[in-house]
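Heads up: the structure comes next, in structure tokens.
The values are calculated or read from the model by the stated rules, or taken from the named source; none is laboratory data. Predicted, not measured: the structure shown is a model, and the values here were computed from it. As a convention, Cβ positions derive from the backbone with ideal geometry for all residues, glycine included, and neighbour counts pool all protein chains shown. Accessible surface areas use protein heavy atoms only, side chains included; no ligands, DNA or RNA. Shrake-Rupley method; radii C 1.70, N 1.55, O 1.52, S 1.80 Å.
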Amino acid sequence: MSGEQSVRKGTVVDSIVQTLADDIVSGRLVPGIKLDAQGMAERFGVSRTPIRETFGHLAAMGLVTHRPNRGVVVSTLSPQALGDLYEAMAELEAALARLATLRMNSEQRERLMQIHRESVHLVRDGTTDEYARYNQDFHNLIFEAAQSPQLQDLALATRTRLAPFRRAQFRLTNRMSKSWEEHDAIVQAIMAGDADGVARLMRLHVQTVSAMTAEFVAEHRAAADYEPSVNE
């Protein structure tokens, strides 16, 4: 397979993973429902191969499970389990942010300020998907600046499981603007060299994301569970 074909396949799989993950988080695909590979292939206009790869990614996120004689079904992620993941994420990101403040070079500081300033128009325009991508770049830069490969690997693995949930928060009213304000406080503390303050702000930031995610999931799954009767 050529490099171009590999990139195309990866892009297709990433797109399908994001779509199905969002469907699961929002309750459009409810826990316990079976995901049929052929049906999904027809839905997305692809062969079964990228669908099988997609199911592997969703399983790694904890969003689906492979059950004997049933195939791939949507998992039930309890609020407690989701909260536990966010608790771990908050501590990991706080530690990385503290180290980044101490170890970040001037080029990384300038880059952080640049992408933060440029993100203002994303908030103003309400471009949810683009802001979610910027948000990942923002946190990635801090991860890299920490110069702690072991902590970074743990954080990235945890973030992979939380990715669709973290994306969902930006669909809540005013969440993008609040997120930007939280980032602004973090950036200012980094520029001031306040490592302990940055750790505190990052921990609070991720804890807020956890609360917003829980709110989104509860609202949308409740709506998905509601089915009006024929008389309504």
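For the range 26-66, taking the residues that are open to solvent by less than 60 Å² (accessible area, probe 1.4 Å) and in a strand (DSSP E or B), the one that is farthest from THR11 (Cα to Cα) is identified as THR65. Among the helices (runs of 4 or more DSSP H) confined to the range 98-183, the ones with at least 3 residues that are of a type in the set (A, V, I, L, M) and under 30 Å from GLY56 (Cα atoms) are located at 128-145, 149-168.
Report whether or not GLY27 is of a type outside the set (Ser, Thr, Tyr) and in contact with a Lys or Arg (Cβ under 6 Å, 6 or more places away or on another chain). Spelling it out, GLY27 is indeed of a type outside the set (Ser, Thr, Tyr) and in contact with a Lys or Arg (Cβ under 6 Å, 6 or more places away or on another chain). Among the residues of the range 172-202, those that are in contact (Cβ under 8 Å) with a residue 40 or more places away in the chain, under 22 Å from GLU118 (Cα atoms) and buried (at least 17 other Cβ atoms within 10 Å of the Cβ) comprise MET176, SER179, TRP180, HIS183, ILE186, VAL187, ALA189, ILE190, VAL198, LEU201, MET202.
Of everything in the range 67-82, what is in a helix (DSSP H, G or I) and open to solvent by less than 30 Å² (accessible area, probe 1.4 Å)? Give them in sequence order. LEU82, the sole residue that qualifies.
All of VAL17, VAL73 fail the test of being in contact with a His (Cβ under 6 Å, 6 or more places away or on another chain) and among the hydrophobic types (A, V, I, L, M, F, W, C), apart from VAL17. Taking first residues from the range 45-58 that are without any contact (Cβ under 8 Å) to a residue 24 or more places away in the chain and partners that are β-branched (Val, Ile, Thr), the Cβ contacts under 7 Å between residues at least 6 apart in sequence or on separate chains come to PHE55/VAL64; PHE55/VAL72. What pairs can you find where one residue is in the range 102-122 and charged (D, E, K, R), the other is part of a helix (DSSP H, G or I) and modelled with pLDDT of 95 or more, and their Cβ atoms are less than 7 Å apart, with a gap of 6+ or different chains? So the pair list comes out as ARG103/ALA145; ARG109/MET191; ARG111/LEU141.
Counting the residues of the range 59-87 that are free of Cβ contacts under 8 Å to residues at least 60 places away in the same chain, in contact with a helix residue (DSSP H, G or I) (Cβ under 8 Å, 6 or more places away or on another chain) and among the hydrophobic types (A, V, I, L, M, F, W, C) gives 3.
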